[in-house]
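Asker: Below is a structure I'd like to ask you about.
Where a number appears in this text, it was derived from the coordinates with a stated rule and is not lab data. Remember, it's a predicted structure, so these values are computed and weren't measured experimentally. Positions of Cβ are generated from backbone atoms using ideal geometry, with glycine treated the same way; all protein chains shown enter the neighbour counts.
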Amino acid sequence: MSGWLDNIECRRCDCLDTVAEKRNVIASVAAGALFFTGWWFVIDAAAVVPANSDFNHAFHTFGVISTIAFFMINAISNAQVRGDTMGTGCLGQTGARVWLFIGFFLAFGSLIGACWILFGPYVVDKKYPIIWPGVAIFLQNAFIFFASIVFKFGRTEELWE
């Protein structure tokens, strides 16, 4: 009874080969769609609630920081972080790791800041009558964070060589 599944053969789907060949395209399009959707939420909130008394426009700061973190995370390759590149660059492998750490630090910090904005003034204190801007700020930062993760780890660098 222990090896009864060993005799079952599954056919391999030919569509998996085409998906593997287009992995970078799929990851790039998915990350771009997530990034666009995040900014679309906050643009919608700013258009629906234009008054500063209902939506403090200083809350846009976390979206900008999250966007900067997106570019920082994806500015270096995984080979630079591993130390496999030919040129060492300005600071080499250590500099690439510090740069990536700062990028992730900014991304997590902006996501935590967006949670604070949502639950602080909008849910707990009820300082603002409309909750949608707080939700939009949180969704913006969450979508940009997931876009940076998909764009960084969804692509493969073997196709570049």
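Asker: Relative to the longest principal axis of the C-alpha atoms of the chain, give the angle of the C-alpha long axis of helix 23-48, reported between 0 and 90° and rounded to the nearest 10°.
Answerer: The two axes meet at around 10 degrees.
Asker: Then there is this: In degrees from 0 to 90, rounded to the nearest 10, what is the angle of the helix 61-74 Cα long axis to the longest principal axis of the chain?
Answerer: The helix 61-74 is inclined about 20 degrees to the chain.
Asker: Shifting gears a bit: At a Förster distance of 45 Å, what's the computed FRET efficiency of GLN93 paired with ASN56, Cβ-Cβ distance as r, to 0.05?
Answerer: Efficiency, rounded to the nearest 0.05: 0.60.
Asker: Can you run phi through the Karplus equation (6.51, -1.76, 1.60; θ = phi - 60°) for the range 117-128 and list ³J(HN,Hα) in whole Hz, with x for Gly and Pro?
Answerer: 5, 5, 8, x, x, 8, 9, 7, 6, 6, 5, 10
Asker: Compute the acute angle (0 to 90°) between the alpha-carbon long axis of helix 132-153 and the principal axis of greatest extent of the alpha-carbon atoms of the chain; round to the nearest 10°.
Answerer: Its long axis makes an angle of about 20 degrees.
Asker: Ranked highest first by the average count of other Cβ atoms within 10 Å around their residues, in what order do 132-139, 110-117, 74-81 fall?
Answerer: Answer by packing, highest mean first, reads 132-139, 110-117, 74-81.
Asker: How far apart, in nm, are two points set 7 Å out from the Cα along the Cα-to-Cβ line at VAL29 and at ILE8?
Answerer: Those two pseudo-labels are separated by 3.3 nm.
Asker: Roughly how large, in nm² to one decimal, is the mean projection of the convex hull of the alpha-carbon atoms in the chain?
Answerer: About 15.6 nm², averaged over all directions.
Asker: Let me check against my output: what whole-number percent is the relative contact order of the range 79-157, with C-alpha pairs under 8 Å and at least 6 apart?
Answerer: Worked out over the range 79-157, it gives 22 percent.
Asker: For the range 30-93, report the convex hull volume of the alpha-carbon atoms normalised per residue, in Å³, without decimals.
Answerer: 95 Å³
Asker: Could you tell me the relative contact order of the range 25-155? Use alpha-carbon pairs under 8 Å, at least six residues apart, and round to a whole percent.
Answerer: About 47 percent, as a whole number.
Asker: Of the candidates GLY38, GLY95, GLY63, which one comes out as most mobile in a Gaussian network treatment of the chain with C-alpha springs shorter than 10 Å?
Answerer: It is GLY95.
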